[in-house]
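Asker: Provided herewith is a single structure, encoded as structure tokens, for subsequent inquiry.
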Amino acid sequence: MTPDVVLVGCGDLGADVGLRLAARGHSVLALRRRADLVPQPLQGLSVDLTRDRPDLPTLDLAYLVVALTAKPRTEEAYRATYVEGMARALDALTATGQVPQRAVLVSSTGVFGNLDPEVLADESTPPRPADGPARMLLEAEQVFSDRVPGGTVLRLSGLYGHGSTRLIDQVRAGAVTDPNRWTNRIHRDDAGAAVAHLLTRETAPEALYVGTDDEPALLGDVAAHVAAQLGAPTPPVAQVDLAHGKRFTNARLRASGWVPDFPTYREGYAGLSTS
């Protein structure tokens, strides 16, 4: 089948989006350094976007998803991947003469930088990147908006689930040291569903959404829940009067019709193994 979806980036999240669209009957072409890692029935195309412009096949383009990942977390790596790499993919699409009906760029709430924890931040909150990688993400958003008219930017908070064990490992090791920090997260499944939802909903999406679950939570509260699931020692207790960090709301994304399967960390971290 002629691909009608192009995934620029096909890591864990991108693959989830692609599989959701394939289940709806779409033919998905996924750009990844190693095409052999692209799951069936998606079509893989090997390309290192930090160096090369992809040679795209014939397309009948309906949807475009940009879901890149960069390592290490440096300004140089983020520029090479998110700004220059995405630009190469967009150049290749322009050369085909194809224009997507819908397009989503997966970005990060990291572009907001440091915020007042008393403020529940949303799409109207001005971004103030605090470091080089965040500045590159914001630059990539601007490039995407300039080159893909009608495209949507989805700023995701911390992804977890599906093999992401960082917090679980910290709890097991007794290494939770900042229980009073506000945290924001979204389960990988809910993030993938959000991208697919914005692409396929009946009415056109807005230009920007914050993708996060229903409840900003203090790290100590989340860690205590995880510890109880694991049977691990109780971590330091969170104190609201000492809370710091930033908090986000998903009100706009919720209003668009998206409903998370894991509305809080309690559902997302339920049923953890004690082994």
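The values are calculated or read from the model by the stated rules, or taken from the named source; none is laboratory data. Fair warning: this is a prediction, and the values are worked out from it, not measured in the lab. Positions of Cβ are backbone-derived with ideal geometry, glycine not excepted, and every protein chain shown enters the neighbour counts.
Asker: Return yes when Val226 is under 25 Å from Val119 (Cα atoms), out of contact with any His (no Cβ under 8 Å at 6 or more places or on another chain) and in contact (Cβ under 8 Å) with a residue 40 or more places away in the chain and no when it is not.
Answerer: no
Asker: Just to check your reading of the model, which residue among Asp91, Asp48, Asp52 is in a helix (DSSP H, G or I), surrounded by fewer than 20 Cβ atoms within 10 Å (Cβ to Cβ) and acidic (Asp, Glu)?
Answerer: Numbers: Asp48 fails: in a helix (DSSP H, G or I); Asp52 fails: in a helix (DSSP H, G or I).
None of the others qualify; the one that does is Asp91.
Asker: May I pose another question? Ala204 - would you say it is in contact with a strand residue (DSSP E or B) (Cβ under 8 Å, 6 or more places away or on another chain), among the small types (Gly, Ala, Ser), part of a loop (DSSP other than H, G, I, E, B) and over 14 Å from Pro263 (Cα atoms)?
Answerer: So Ala204 passes the test.
Asker: Kindly indicate whether Ala80 is under 15 Å from the mean Cα position of the chain (by Cα) and under 22 Å from Gly151 (Cβ atoms).
Answerer: Judged against the criteria, Ala80 is not a match.
Asker: Continuing with this model, one more query. If a residue must be in a loop (DSSP other than H, G, I, E, B), of a type outside the set (Asp, Glu) and at negative phi, how many such residues does segment 2-45 contain?
Answerer: Filtering segment 2-45 for residues in a loop (DSSP other than H, G, I, E, B) gives 2-4, 9-11, 24-27, 33-34, 38-42.
Still in the running and of a type outside the set (Asp, Glu): 2-3, 9-11, 24-27, 33-34, 38-42.
From what's left, at negative phi: 2-3, 10-11, 24, 26-27, 33-34, 38-42.
Number satisfying all stated conditions: 14.
Asker: Which of the residues spanning segment 58-88 are within 16 Å of Ser108 (Cβ to Cβ) and part of a loop (DSSP other than H, G, I, E, B)?
Answerer: Within segment 58-88, Ala67, Leu68, Thr69, Ala70, Lys71, Pro72, Arg73, Thr74 qualify.
Asker: Look through Gly231, Gly220 and report the one residue that is without any contact (Cβ under 8 Å) to a residue 60 or more places away in the chain and on the phi > 0 side of the Ramachandran plot.
Answerer: Gly231 is the lone residue from the list that is without any contact (Cβ under 8 Å) to a residue 60 or more places away in the chain and on the phi > 0 side of the Ramachandran plot.
Asker: Return yes or no: is Asp221 over 27 Å from Ser145 (Cα atoms) and loosely packed, with under 13 Cβ neighbours inside 10 Å?
Answerer: no
Asker: Hey, another quick one. It is to be established whether one or more residues within segment 140-147 are part of a strand (DSSP E or B), among the aliphatic types (A, V, I, L, M) and modelled with pLDDT of 95 or more.
Answerer: Looking for residues that are part of a strand (DSSP E or B), among the aliphatic types (A, V, I, L, M) and modelled with pLDDT of 95 or more, one finds none in segment 140-147, hence no.
Asker: For the list (1) touching a residue at least 24 places away in the same chain (Cβ under 8 Å); (2) assigned to a loop (DSSP other than H, G, I, E, B); (3) touching a Leu at 6+ places or on another chain (Cβ under 9 Å), I need the number of the one condition that Gly174 fails.
Answerer: If we test Gly174 against (1) touching a residue at least 24 places away in the same chain (Cβ under 8 Å); (2) assigned to a loop (DSSP other than H, G, I, E, B); (3) touching a Leu at 6+ places or on another chain (Cβ under 9 Å), just (3) comes out false.
Table: residues versus (1) surrounded by fewer than 22 Cβ atoms within 10 Å (Cβ to Cβ); (2) free of Cβ contacts under 8 Å to residues at least 12 places away in the same chain; (3) more than 21 Å from Leu105 (Cβ to Cβ); (4) among the β-branched types (Val, Ile, Thr).
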residue	(1), (2), (3), (4)
Pro179	yes, no, yes, no
Trp182	yes, no, yes, no
Arg188	yes, no, no, no
Ala193	yes, no, no, no
Leu198	no, no, no, no
Thr203	yes, yes, no, yes
Leu208	yes, no, no, no
Thr212	no, no, no, yes
